[in-house]
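Asks: The structure is given below, and queries will be raised subsequently.
The values are calculated or read from the model by the stated rules, or taken from the named source; none is laboratory data. Note that the structure is a prediction, hence the values are computed from the model and not measured. Cβ: placed from backbone, ideal geometry, glycine included. Neighbour counts: every protein chain shown.
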Amino acid sequence: MIKSKIKVMPPDLAAKIAAGEVVERPASVVKELVENSLDAGAADISIHIVDGGKKLIRVYDNGEGMSREDAVLAFERHATSKILKDDDLCSISTMGFRGEALPSIASVSDAMVATKVAGEIAGTRIRVRGGKIEDISDFGCPDGTTVEVRDIFFNVPARLKFLRSNAAEMGRIQDVVHHLSLANPDIRFKLTHGKNILLNASANSDLKTRACDILGTDIMRGVIPVEGNGGGVSVMGFVSNSNITYPTTKGVFVFVNKRWIRDKGINYAILQAYKNMLMRDRYPLAVLFISLPPEDVDVNVHPAKTEVRFKNPRFIYDVISDAIRNAILQKNKDYPDGTVTALHTSVPQDRIREPAIHYQTQDIADRQAALFEKAFHGTNGISFPELNFVGQLWDEYIICNDESMFYIIDQHAAAERIAFERIRKEYYSYGIRGQILLVPEIIEVSAAEKEALDSSIDVIKDLGFEIEQFGGNTFILKAVPEILSGRGCSGLLKDMTEEICSFGKAARIEDAIDAILVKLACHSVIRGRRKLTRDEVVSLFKQLSEVDFASNCPHGRPVVKMFSKTEIETMLKRR
Amino acid sequence: MKLTIQKNNLIKTLQNIQSIVERKVTLPILSNIKLVADNNKIEIYATNIETSCKSTIPAEIKKSGDITINARKFFEITKELPEENIEISVGENSRITIKSGKSRFNINGLPASEFPSFPEYNEGVLTVIDTEVVKEMIDRTIFAVSTEEYRHNITGIFFEAEEGKVKMAATDGYRLASIEKPTETEIKLNKGVIIPRRGILEIKKILDNEGSLLAGITDNSMAFKKGNTVLIIRLIEGEFPSYGQVIPKDNNKLITISREVLASAIRRVSVLSSDKIRGIKFSISKGKMSLYSNNPDLGDALEEIDIKYDGDDMEVAFNVDYMLDVLNILYTNNINLELKDSGSAGIIKTGLDDGYTYVIMPMRV
């Protein structure tokens, strides 16, 4: 007799495998639990971690709690209070919805839930170990829900082995809590690791106060509020000026409908907005909340829900880019009343359940806001023509001051930025001329790229490229912008096509043109040491004030560094 | 190795090969040249793999042998030596001593065995070709060669031979210079070859040497010999664009202009063009051409010149560099400009039966 090799998995094994998708490491447990707390309308969430979450994860919330029946049901796979029919999947506005979290977590750990609905006399306590319910009993506990997860992966040694050091796992947990608390500044968040309090953010904060808690007041000093909308999409939040940058995207926090996500298209849109202001391979700080109708975004791409798919990505990227660019422009222009409107409004209030209780911490929040306000106004846009010229350092740097600040200006960088803006304006105002090719170049593209290129032919033409369809997936390049002749244009065009394809927009051509204009600008202005007369400095300042992005040279180096009087006094121990 | 050599004999060769020897090399031996002393002559070898050169100079050999020495230092030392007589000897550990008058240099060499071997060629297959013709053909085309490394197939001069004719062509994708000359010697060439620009520049240098020019194809290289020097140049692999097709046949607007008048008008008007805007506009009407350039930053310039033309009015824009390049290398008093419309290629010829055709693409304005 032939023994059959294929067998149906026993349910507990299937559960462990399914758990793997949701529960990857302690941080994913924290994420799921905190999201549940948020969905339960909690106003206070405390997270206590021991040994990077390997030993214990405890999440307490003061949300609405669960009845005994609901609590038992919550451990059933795909039991959820949030979706009941197919249609609901298209209008998800809660954080969790897959009904996977609790059973998944319970199947790979020793879990305990204690929950009580307000008004009930007693709560319920359920203990589940390795997916099996071991004990259900009445329990005296405060309103809300507490979930304790001990000995995660005790029954999945393979996964246990792949966990990293306590510190590394804790770092991930911290990231998760940061994301969730940034998205919910109205809710109190407390995160402790053993005896250390890592975060204690008061309730009823607005975004900027919350951001100060998480990112530090120092960093928040230089931020620029961002606000923008269009076609049902709205963007709000803040970005750093070009002084604060990171080599990775770690300072980029993007939330779509309050859900933290990672999207390389959005990262790219952010970078585009900073064009020529950041050094190569540097990313700004950006906290952005993007709101759009739930039906325009698919969040159910990945069990961890950190990736989303937009119905109309190109449009959304544009709205984001424009909003940031406008904010930066505004910041550079406005003086002295650079407004911080967007920061005053907190995150869109579209939560479906009202927070239960608000803690009385308003005064602390107010004080923080005031502090922040002060710091923020301190570094607002500089009015160059009003600066008092003190002198020149080593014939390379201009020293000047106003009432409260002391400035060092890199004269070459300043002159370069002015020249670049001028040359750029000229170049585009003159109308870009195309140099016709002797032998047209043939470009082969993929089917997806073909569509992208087809729809952008006119835009590309405005930039001096002349492209024609040549049948199939082939295009012929007939003319290139004069300024780019003598450079690898078919390669550029190919890169650009890929770019249009993946980001819906091509900046490649403009970038390539800018790169040449930067070179021209660099060579057309004062370089190295030069003594400047007062008149020259005055004229330089006047021109700087007329330039849109005066704060950085086109290579991305800062034009100006400043120190407040207070900083100098502190430095010299006067304060 | 020990020998005595005359400074004058040595210096020109050393100077010529400096451009072959690379400054930044991954292979240190390539910044050296190889000296081989034997039979009352010294052979000097230089190579950058693409181009290899061998020159033979008479010398008084006291002890034969070989060595390699840093090309640049050897040249700089030789140039400055006080006396005509130079004594070169190699001691232990490839240490080279150069003596002249009261100066003495000790230079560390590298053994000749490490130097790449000179490509083999068969002197028998070389045919004599007219030096003057080659010189003219190179001079009239080399300026149009592309300097964009990535467009490999047009970074050299295309050379082909048909019955009784030799042809050269060069392009950078925006203009094309081509020339064909009759020849009496039979040149065996199955298909055209692309000679890299750097190799062409080396050929130009040896054209002044005594004796007749010999050339031939071996494998994927081309060999040139003139006087005491042999050059082996590795050819560029790839297809040169079939340029015959891009030379328009139906340009019906024929203009004759004084070359000098046109060139100086372009130079004047282009003062107001800039690094980023190199185009100027040519408006043509009966007997008259006006040149116009405009720079939003500075202003504009207009000049009118007399031409011989009897057709319809038209306007076209060209890059000034592409115009001046060709006007500068031509030598006739007049040139012929053949146009069709503002979007089609223009042709410049000398009006003589010299086989020269220059094609220039207009700019879209």
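Asks: Could you list, in sequence order, the residues of region B:116-147 that are among the charged types (D, E, K, R), surrounded by 16 or more Cβ atoms within 10 Å (Cβ to Cβ) and either over 18 Å from B:A223 (Cα atoms) or within 12 Å of chain A (Cβ to nearest Cβ) (or both)?
Replies: Once the filter is applied, which keeps residues that are among the charged types (D, E, K, R), surrounded by 16 or more Cβ atoms within 10 Å (Cβ to Cβ) and either over 18 Å from B:A223 (Cα atoms) or within 12 Å of chain A (Cβ to nearest Cβ) (or both), region B:116-147 yields B:E136, B:R140.
Asks: Write out, first by first residue and then by second, each pair whose Cβ atoms fall under 6 Å of each other, whose residues are 6+ apart or on separate chains, and whose first residue, in region B:153-178, is closer than 13 Å to B:Y243 by Cβ and within 14 Å of another protein chain (Cβ to nearest Cβ) while the second is basic (K, R) and surrounded by fewer than 24 Cβ atoms within 10 Å (Cβ to Cβ).
Replies: Matching pairs, first to second residue: none at all.
Asks: What strands (runs of 3 or more DSSP E) completely inside region B:293-343 contain at least 1 residues that are in the same structural domain as B:L262 (by TED's automatic domain parsing) and touching a residue at least 60 places away in the same chain (Cβ under 8 Å)?
Replies: Filter on region B:293-343 gives B:314-319, B:334-339.
Asks: Between residues in region B:36-51 that are in the same structural domain as B:E87 (by TED's automatic domain parsing) and within 16 Å of B:K62 (Cβ to Cβ) and residues that are at pLDDT 90 or above and among the aromatic types (F, W, Y), which pairs lie under 9 Å by C-beta distance while being six or more apart or on different chains?
Replies: Here the result reads B:V36/B:Y45, each pair linking region B:36-51 to a residue that is at pLDDT 90 or above and among the aromatic types (F, W, Y).
Asks: Still on this structure, I have one more. In this structure, does B:I266 turn out to be part of a strand (DSSP E or B) and out of contact with any His (no Cβ under 7 Å at 6 or more places or on another chain)?
Replies: no
Asks: Shifting gears a bit: Which of the numbered conditions does B:F240 fail, given that it passes all the others? Conditions: (1) without any contact (Cβ under 8 Å) to a residue 60 or more places away in the chain; (2) within 14 Å of chain A (Cβ to nearest Cβ).
Replies: Going through the list (1) without any contact (Cβ under 8 Å) to a residue 60 or more places away in the chain; (2) within 14 Å of chain A (Cβ to nearest Cβ), B:F240 breaks only (1).
Asks: Still on this structure: Collect the residues in region B:99-115 that are under 16 Å from B:N32 (Cα atoms) and in contact with a Lys or Arg (Cβ under 9 Å, 6 or more places away or on another chain), keeping them in residue-number order.
Replies: B:N106, B:I107, B:N108, B:G109, B:A112, B:F115
Asks: Moving on. For region B:1-61, which strands (runs of 3 or more DSSP E) that fit wholly inside it have 3 or more residues that are more than 18 Å from B:F118 (Cβ to Cβ) and at pLDDT 90 or above?
Replies: Correct list: B:2-6.
Asks: Here is a follow-up. Which residue, of B:E92, B:E60, is over 26 Å from B:R234 (Cβ atoms) and out of contact with any strand residue (DSSP E or B) (no Cβ under 6 Å at 6 or more places or on another chain)?
Replies: Answer to the check: B:E92.
Asks: Would it be correct to say that B:L254 is assigned to a strand (DSSP E or B), aliphatic (A, V, I, L, M) and under 26 Å from A:K425 (Cα atoms)?
Replies: Working: assigned to a strand (DSSP E or B): yes; aliphatic (A, V, I, L, M): yes; under 26 Å from A:K425 (Cα atoms): no.
Against the criterion (assigned to a strand (DSSP E or B), aliphatic (A, V, I, L, M) and under 26 Å from A:K425 (Cα atoms)), B:L254 does not qualify.
Asks: For the structure I just gave you, tell me whether B:E76 is in a loop (DSSP other than H, G, I, E, B) and acidic (D, E).
Replies: Spelling it out, it is not the case that B:E76 is in a loop (DSSP other than H, G, I, E, B) and acidic (D, E).
Asks: So which strands (runs of 3 or more DSSP E) stay within region A:107-192 end to end and still have 1 or more residues that are at pLDDT 80 or above and aromatic (F, W, Y)?
Replies: Strands (runs of 3 or more DSSP E) meeting the threshold: A:132-139.
Asks: For region B:184-193, indicate whether the set of residues that are crowded, with 21+ Cβ neighbours inside 10 Å, within 14 Å of chain A (Cβ to nearest Cβ) and more than 12 Å from the chain's Cα centre (by Cα) is non-empty.
Replies: Taking region B:184-193 as the starting set, the residues that turn out to be crowded, with 21+ Cβ neighbours inside 10 Å are B:193.
When the remaining residues are screened for being within 14 Å of chain A (Cβ to nearest Cβ), the result is none.
No, region B:184-193 contains no residue that is crowded, with 21+ Cβ neighbours inside 10 Å, within 14 Å of chain A (Cβ to nearest Cβ) and more than 12 Å from the chain's Cα centre (by Cα).
Asks: Report the residue count in region B:269-279 for those that are within 14 Å of chain A (Cβ to nearest Cβ), outside any loop (DSSP other than H, G, I, E, B) and more than 28 Å from the chain's Cα centre (by Cα).
Replies: Looking only at that region, the number is 1.
Asks: Any residue at all in region A:17-26 that is in a helix (DSSP H, G or I) and modelled with pLDDT of 65 or more?
Replies: yes
Asks: Name every residue in region A:214-232 that is in contact with a strand residue (DSSP E or B) (Cβ under 7 Å, 6 or more places away or on another chain) and either of a type in the set (F, W, Y) or within 14 Å of A:I324 (Cβ to Cβ) (or both), in order of residue number.
Replies: Those that are in contact with a strand residue (DSSP E or B) (Cβ under 7 Å, 6 or more places away or on another chain) and either of a type in the set (F, W, Y) or within 14 Å of A:I324 (Cβ to Cβ) (or both): A:V223, A:I224, A:P225, A:V226, A:E227, A:G228, A:N229.
Asks: Additional query: So which residues in region B:348-365 are at the interface with chain A (Cβ under 10 Å from one of its Cβ atoms) and either at pLDDT 90 or above or crowded, with 19+ Cβ neighbours inside 10 Å (or both)?
Replies: Those that are at the interface with chain A (Cβ under 10 Å from one of its Cβ atoms) and either at pLDDT 90 or above or crowded, with 19+ Cβ neighbours inside 10 Å (or both): B:V359, B:I360, B:M361, B:P362, B:M363, B:R364.
Asks: Since B:K288 meets every condition but one in (1) within 14 Å of chain A (Cβ to nearest Cβ); (2) of a type in the set (K, R); (3) surrounded by fewer than 16 Cβ atoms within 10 Å (Cβ to Cβ), which condition does it not meet?
Replies: B:K288 satisfies all of (1) within 14 Å of chain A (Cβ to nearest Cβ); (2) of a type in the set (K, R); (3) surrounded by fewer than 16 Cβ atoms within 10 Å (Cβ to Cβ) except (1).
Results for (1) modelled with pLDDT under 80; (2) within 14 Å of chain B (Cβ to nearest Cβ); (3) in a helix (DSSP H, G or I), shown as yes or no for each residue.
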site	(1), (2), (3)
A:I398	no, no, no
A:I408	no, no, no
A:I432	yes, yes, no
A:A448	yes, no, yes
A:A452	yes, no, yes
A:S455	yes, no, yes
A:V459	yes, no, yes
A:I467	no, yes, no
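Asks: Here's a follow-up. For region B:327-347, enumerate the residues that are within 14 Å of another protein chain (Cβ to nearest Cβ) and either surrounded by 23 or more Cβ atoms within 10 Å (Cβ to Cβ) or touching a strand residue (DSSP E or B) at 6+ places or on another chain (Cβ under 8 Å) (or both).
Replies: Correct list: B:L339, B:K340, B:D341, B:S342, B:G343, B:A345, B:G346, B:I347.
Asks: Moving on to the next point. Can you tell which of B:E136, B:E132, B:E92 is assigned by TED's automatic domain parsing to the domain that holds B:G211, out of contact with any Cys (no Cβ under 6 Å at 6 or more places or on another chain) and without any contact (Cβ under 8 Å) to a residue 12 or more places away in the chain?
Replies: So the residue among B:E136, B:E132, B:E92 that is assigned by TED's automatic domain parsing to the domain that holds B:G211, out of contact with any Cys (no Cβ under 6 Å at 6 or more places or on another chain) and without any contact (Cβ under 8 Å) to a residue 12 or more places away in the chain is B:E132.
Asks: Out of all the residues in region B:328-350, is one or more within 26 Å of the chain's Cα centre (by Cα) and at positive phi?
Replies: no
Asks: Also: So A:E227 fits all but one of (1) within 30 Å of A:V559 (Cα to Cα); (2) part of a strand (DSSP E or B); (3) in contact with a Pro (Cβ under 8 Å, 6 or more places away or on another chain); what number is the exception?
Replies: Only one criterion is unmet by A:E227, namely (3).
Rundown of residues vs (1) more than 10 Å from every other protein chain (Cβ to nearest Cβ); (2) in contact with a Lys or Arg (Cβ under 9 Å, 6 or more places away or on another chain); (3) at pLDDT 80 or above, yes/no style:
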residue: A:I418; (1), (2), (3): yes, no, no
residue: A:F470; (1), (2), (3): yes, no, no
residue: A:A479; (1), (2), (3): no, yes, yes
residue: A:M496; (1), (2), (3): yes, yes, no
